[in-house]
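Taking it in order: structure first as structure tokens, then the write-up.
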Amino acid sequence: MLRYTKEFKAQAVDLVRHGKPVQEVAQELEVGRNLIYKWIQKETPNAPTRQRRSRDRTARSYTFRPLTIQPRPFLDLPSVQCSLLLARNSDMFKTRLNTILTALVALSLCTNNIQAADAKPDAKKAKKADPKAAPAKKAEDKKTATKKAEAKDPATKKAATKKRKNRKKKGAPALLVAANHQVSIPKDAFGKEYLMSASLIPQSEAPTSTGLAGKIVRFELFHDGVDIYESTQGLVVTDELPAKRLITSFPIVKQDDKAVIIDFNKGMRRVFSEIWYGMSTRFSARDRDSVAELPQSRVFSVTRDRDQLVIRQSAQVRDRRFNPNEEGRYEIRYFFAPYTGKKSGGKEHTKRESRYVRFFETQGQLEKTSGRAVSKIALFDLKKPLQFYWSANTPKDYVQAMKDGILYWNRAFGKEIIKAGPAPKKITAPDSRHNIVQWVPWDSAGFAYADILVDPRTGESRHGQAYMTSVFAVSSKARARALIRSLREQAKKAEEKEGDDKEHRHSMFPSSKVCRVDHSIWAKELAGGLEDMLANEDVTDAAVLRASQDYVREVVAHEVGHVLGLRHNFAGSLAATMNHKELDEFFKAYLKGENLDKYKDKLSGHSMMEYTAFKGSVFVGWKMRATDSVLPHDKAAIQWGYQDKQDVKEQKMFFGTDDDVGKYGDLNRFDYGVEPVLGAYSEISAYLGNLPNSVIETFIRAKAPVDPRDAVDLKTVNLSPGATASTIASDYRDILKWYRASTRSLRLENKFDFIGDLNRRERVKAHWDSLNGQLTKLGGVDNALFAYLPTTLKLENKPVDKSIVAAQKIDAKKLAERLEKLLNSPAYSEFVGLDEKKYKFTDDEKKLIVERGKNYFEELEKALIRQILSAFERATRDIGFEATRELGEKDAVAQLEKRIGDLARAVIIAKGTKKIEGRLSKTAVTITDFKYDHATRLGAARALTDRIGSYRSWSKDAKADIHAKLKAEIDGQLNIPNLKTFHESNLSRPLRQWFLKQSEILALLPARKAPPPRK
Ligand SMILES: [Zn+2]
């Protein structure tokens, strides 16, 4: 029901009385103008009437002269010259007005909920709702309005005429709702510009929307249909050559002298699939024109929300470029509003600035004559307060977090620009008027993202929405465990189906989400963070809930940042003022509920638009709650975009967005810290520290799942050493890549005025110095890369910097001992399952876990060595030479290569315990097999390849040395030197196979050639 309180009405009238134009008041309070006129009439019977005001200010349809729709320069067709003759005769005028008012009132009733909802948060003075307030009486409304039509107010006449003229120039009437979900186009709408924007909503899994590129369109009337054309502005370089961009033709259902009713559904049998933002300023007519077909569709709802028409179409969507037999089920929600934007305007990035800040941009447009492509950045018009809502289904525990996340951005603006309130029950995203943060109850899918509907010409943001899945609501330990399980499964599935992303399964809209993140990486990150949290023995449910609320705070703020136009800034963590260790210490203290004051001035990064690892996110959320501070880049970026301040450029702030990932070695999603080598090392260290815990967590998830149907026999639980090894190896490669001169560092490059050939040496030198500095902190190459590997190399033992937690050596035996100890520790001797019940492992189960764990750790040792060796095979190490132009004697490259040789030797020569029996000729022979399997040993030989390395002969000696040792070993085992003749065919099958394998390895390792005889 439409109800306005007395106070609210009085406020509206008051504003008009104090000289504010009705139009502005209507916009501000988000109520219809006609209602305000009605209220004015009731409050002050002598006030100018609705009619008077209408004619003066806004009436577009009531002009007293023949109205001719001017044909566009390119549209020189007589049939569109429809003229509307409105008589001066007051009776006729009344009739016309009656019709219009009836339509308006009827429409305002259609959108009751929306208007009533809008009114409350916006009406500052209307604090108490008055349930007895009379609902709008449409009949009375229109009668009163008509009766007072002739009242005049000479004082305002002049100003009003001027305004009317202005209005006339830009004015396009709103499209109207017709019966049977059809659309009524007022005759004076033809030829005028409308903004057509659309959201695409998949009808499976989570029906969340994706914004499509808006178009500025124009309707043209023909004898047999209504055409809709896209404005050519920004799409052609000249108006001197006629151009028309037909979007579609709508059949006419009926028409009279006032309006044409069209069948929207029959006309709109395709959807333009270009997404709402461009990744570059490039102009592409092809992207603009790409469509998907709608084999079947139905418009099931047409409503009006003030001047905006919202059309909802159910559709099958088929994209012939991909699978012609696949029909995606979507709702397409169209928004049509009179285009009130400027012909030009909007802010652009300049090259100078985009190194330090980027906003989302419209798709590229062409400038007249020059043909230069430009994009405008997405910005809201801040003349009005920016109201955000959290959806009504937000769980109670997270409402405050939602609110904080939204309002955070006021700190960046430096004033109160954004307001936050609960969305009315039936309003869900996407909504034509509301900026909504929508909670999506879906525990097993992790995503949060946002999109905006923007004016394609100026970049003005119309409305935006963000989606949060309930996966973020980790409210208890049990829930954390449940989540870890589902996240791990998700990560596995995502890895199996390479590149598959469940929520944009339909290939026609592949890259439409703003906040995209690789599902498997995200799921792993969160699962890792949660596991880390549960590994703290004294963590309570309350602490877990608190952490998850702070996490939600951060994620909401991140998504709202997108709605405000900000793009990702993955360079955020380069501005951290806490190292890994400090962040860990913070997190522990946080979970224990200790005093955290000393962290208040610290930074885990300088941008909310970063993808932060779990602990970092919690830190940011906590800081939002505990202080009034704003992250520096957030503030500078918002003030650059909305207030033209230049701090972000002047202070050369670190910035890098999605397209920069991969370009810079220190610009990664979910990385942490300023120094990337230390960062990667710390990741390894933390991961190794938690290995035994994660084994136990795996068994807990199997024994006590959320749903008993998912319980798994502990005997069938699998642990995957290969997956664990590849996680470690991936961080390991992140260290190695800094040995490559072509790896770029954003942090270091930021200091250079330009990036080019002329200063390449200087830049490489800076990288080399930085690498050496970091290796020194880690206690040298040996500690950084070899000390924790499961081998027995002789290494230098230098101290590790205090700020770094040294990585523990991977030792299957010791890990198994730790596992056993942990199983009997207070944290795990009795534990809460995913179903929140208490459990204990039986003795047999503990035995099984220890056994399985031991096996897993042993296999992990081997798997890791194999993967590390394969990393060396590809690890370019040219940085030392590129930086200094000479080969170092004892530098970090020389040391690394020395150790690669040592490791290869150890792996190839190491003997195992397995015996192989066979025969050589007729003699029975037993040999001892080597420790590592053939593939690993081959990998060790290949790691010594001279295709890679500091210079061609770097591994020559190591290879020859290993060759000699291996040869001696083979000879010794088979007793070859004492044989008269030896041929492999004399070996029986098992021995022969063994021998061939050794030969294969020897072939990769050339023997040292005897020096040529002197002449
Ligand atoms: Zn994002």
- Item | Whole-Hz couplings from phi, Karplus 6.51/-1.76/1.60, listed for the stretch 681-688; x for Gly and Pro | 4, 5, 4, 4, 4, 5, 5, 5
- Item | Listed pairs Lys342/Lys368; Lys492/Lys838; Lys396/Lys635; Lys777/Lys813; Lys592/Lys615; Lys477/Lys615 exceeding 18 Å between Cα atoms | Lys492/Lys838; Lys396/Lys635; Lys777/Lys813
- Computed ³J(HN,Hα) along the stretch 998-1009: with the Karplus parameters 6.51/-1.76/1.60, θ = phi - 60°, integer Hz and x for glycine or proline, the list is 5, 5, 4, 5, 4, 4, 7, 10, x, 6, 5, 7
- Considering only protein heavy atoms, what is the solvent-accessible area of Tyr334 at a probe of 1.4 Å, reported in Å² to the nearest 10? 10 Å²
- Message: Straight-line reach only, C-alpha to C-alpha below 15 angstrom: list the aspartates and glutamates that Lys854 could link to, leaving out same-chain residues fewer than 8 apart.
- Response: Asp811, Glu817, Glu820, Glu845
- Quick one: plug the Kirkwood hydrodynamic radius of the stretch 783-828 (C-alpha pairs) into Stokes-Einstein at 20 °C, 1.002 mPa s, and report D in µm²/s. 170 µm²/s
- Message: Under the 0.36 nm per residue contour assumption, what length would be gained going from the current alpha-carbon distance of Ser720 and Lys898 to full extension?
- Response: 60.9 nm
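Taking R0 as 25 Å, what FRET efficiency do you get between Ala1007 and Glu873 from their Cβ-Cβ distance, rounded to the nearest 0.05? Write out the running numbers ahead of the final one.
Values: r = 21 Å, r/R0 = 0.85.
For R0 = 25 Å, the calculated efficiency reads 0.75.
Please report, in cubic angstrom per residue, the volume enclosed by the convex hull of the alpha-carbon atoms of the stretch 821-878.
Hull volume over Cα atoms, normalised by residue count, gives 141 Å³.
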- Message: Starting from the 7 Å offset along Cα-to-Cβ, what nm value, one decimal, do you get for the label separation of Val661 and Asp769?
- Response: 3.1 nm
- Förster-model FRET efficiency, 30 Å R0, Arg372 and Gln646, C-beta, rounded to 0.05: 0.80
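Under the 0.36 nm per residue contour assumption, what length would be gained going from the current alpha-carbon distance of Thr540 and Ser280 to full extension? Present the calculation step by step, with values, prior to reporting the outcome.
Values: separation 260, 0.36 × 260 = 93.60 nm, distance 4.75 nm.
Extending this stretch completely gives an extra 88.9 nm.
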- Message: Please give the Cα centre distance for the stretch 822-855 versus the stretch 405-482, rounded to the nearest Å.
- Response: 40 Å
- If you take the C-alpha gyration tensor of the stretch 176-340, multiply each eigenvalue by 5 and take the square root, what semi-axes do you get, largest first, in whole Å? 24, 22, 15
- Message: Give the residue list of trypsin sites (Lys or Arg not before Pro) in the stretch 718-821 that are DSSP loop and have at most 11 other beta-carbon atoms within 10 angstrom.
- Response: Lys751, Lys794, Lys802
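Around Glu274, under 11 Å between beta carbons, what's the net of Lys plus Arg minus Asp minus Glu among the other residues? Don't skip to the end; give the middle numbers.
Working: positive: Lys215, Arg286, Arg288; negative: Asp287, Asp289.
Overall, the nearby charge balance is +1.
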- Task: Just check the stretch 907-1015 against the gyration tensor rule for me: Cα atoms, a ≥ b ≥ c as the square roots of the eigenvalues, rounded for a/c under 1.5, and otherwise prolate or oblate depending on whether a/b exceeds b/c.
- Result: oblate
- Item | Viscosity 0.692 mPa s, temperature 37 °C, Stokes-Einstein D of the stretch 923-984 from Kirkwood C-alpha radius, µm²/s | 237 µm²/s
- Tell me, what is the FRET efficiency for Ala243 and Asp287 to the nearest 0.05, using R0 = 22 angstrom and their Cβ-Cβ distance as r? 0.80
- Before anything else, pin down the relative contact order of the stretch 176-340: Cα pairs under 8 Å, at least 6 apart, normalised by residue count, whole percent. 25 percent
- Query: Size of the stretch 205-270 along its principal axes in angstrom, Cα-based, largest extent first?
  - Reply: 45, 35, 19
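What order, most packed first, do the peptides 541-548, 477-484 have when packing is the mean number of other Cβ atoms within 10 Å of each residue? Intermediate results must be reported in sequence, preceding the final value.
Numbers: 541-548: 19.5, 477-484: 24.1.
Top of the packing list down: 477-484, 541-548.
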- Task: Just add up the charged neighbours of Leu987: K/R +1, D/E -1, any other residue whose Cβ is under 13 Å from the Cβ of Leu987.
- Result: +3
- Task: In nm, give the distance between the simple-model label positions of Lys751 and Lys980, each being 7 Å from the Cα along the Cα-to-Cβ direction.
- Result: 7.4 nm
- Give me the orientation-averaged projected area of the Cα convex hull of the stretch 696-886, in nm², one decimal. 15.1 nm²
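Just the number, please: carbon plus sulfur as a percent of the accessible area of the stretch 907-1015, 1.4 Å probe, no ligands or DNA/RNA counted. Walk me through the numbers before you get to the answer.
Numbers: 3550 of 6830 Å².
Here carbon and sulfur together make up 52 percent of the probe-accessible area.
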- Query: With each label point set 7 Å from Cα along the Cα-Cβ vector, what nm distance links Arg352 and Arg270?
  - Reply: 4.3 nm
- Karplus 3J(HN,Hα) series, Hz, for the stretch 720-730 with 6.51 cos²θ - 1.76 cosθ + 1.60 (x for Gly, Pro): 10, x, x, 5, 4, 4, 6, 4, 5, 4, 5
- Interchain or long-range residues, amide H under 5 Å from Asn569's placed H: Met609, Glu610
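Using unit Cβ charges (K, R positive; D, E negative) and no other charged atoms, how large, in debye to the nearest 20, is the dipole of the stretch 696-886 about its Cα centre?
Working: 35 positive and 31 negative charges, 73 e Å.
With only Lys, Arg, Asp and Glu charged at Cβ, the dipole is about 360 debye.
Taking a 1.4 Å probe, which of Glu1000, Glu969, Glu897 shows the most accessible area, and what order do the others take after it? Could the numbers behind the result be given before it?
Details: Glu1000 85, Glu969 40, Glu897 15 Å².
Highest to lowest solvent-accessible surface, that is Glu1000, Glu969, Glu897.
What does the charge count near Ser475 come to, summing +1 for each Lys or Arg and -1 for each Asp or Glu among other residues with Cβ under 9 Å from its Cβ? All intermediate terms of the calculation are to be shown ahead of the outcome.
Numbers: positive: Arg479; negative: Asp397, Asp541.
Local charge sum for Ser475: -1.
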- Query: Using a 1.4 Å probe, how large is the accessible area of Glu796, given in Å² and rounded to the nearest 10?
  - Reply: 90 Å²
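Counting Lys and Arg as +1 and Asp and Glu as -1, each charge on the Cβ, what is the dipole of the stretch 176-340 about the Cα centre in debye, to the nearest 20? Walk me through the numbers before you get to the answer.
Numbers: 23 positive and 22 negative charges, 45 e Å.
Around 220 debye, computed over the stretch 176-340.
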- Which loop-located trypsin sites (Lys or Arg not before Pro) does the stretch 374-450 contain, where loop means any DSSP state but H, G, I, E or B and the Cβ has at most 14 other Cβ atoms within 10 Å? Lys383, Lys415, Lys425, Lys426
- Item | Paramagnetic reach from Lys588 in the stretch 687-710 [backbone N under 19 Å; point 7 Å along Cα→Cβ] | 687-694
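The values are calculated or read from the model by the stated rules, or taken from the named source; none is laboratory data. As the structure is a prediction and not an experimental result, all values here were calculated from the model. Note: ideal-geometry Cβ built from the backbone for every residue, glycine included; neighbour counts use all protein chains shown. The accessibility values were calculated without ligands, DNA or RNA, using every heavy atom of the protein model including side chains. Shrake-Rupley method; radii C 1.70, N 1.55, O 1.52, S 1.80 Å.
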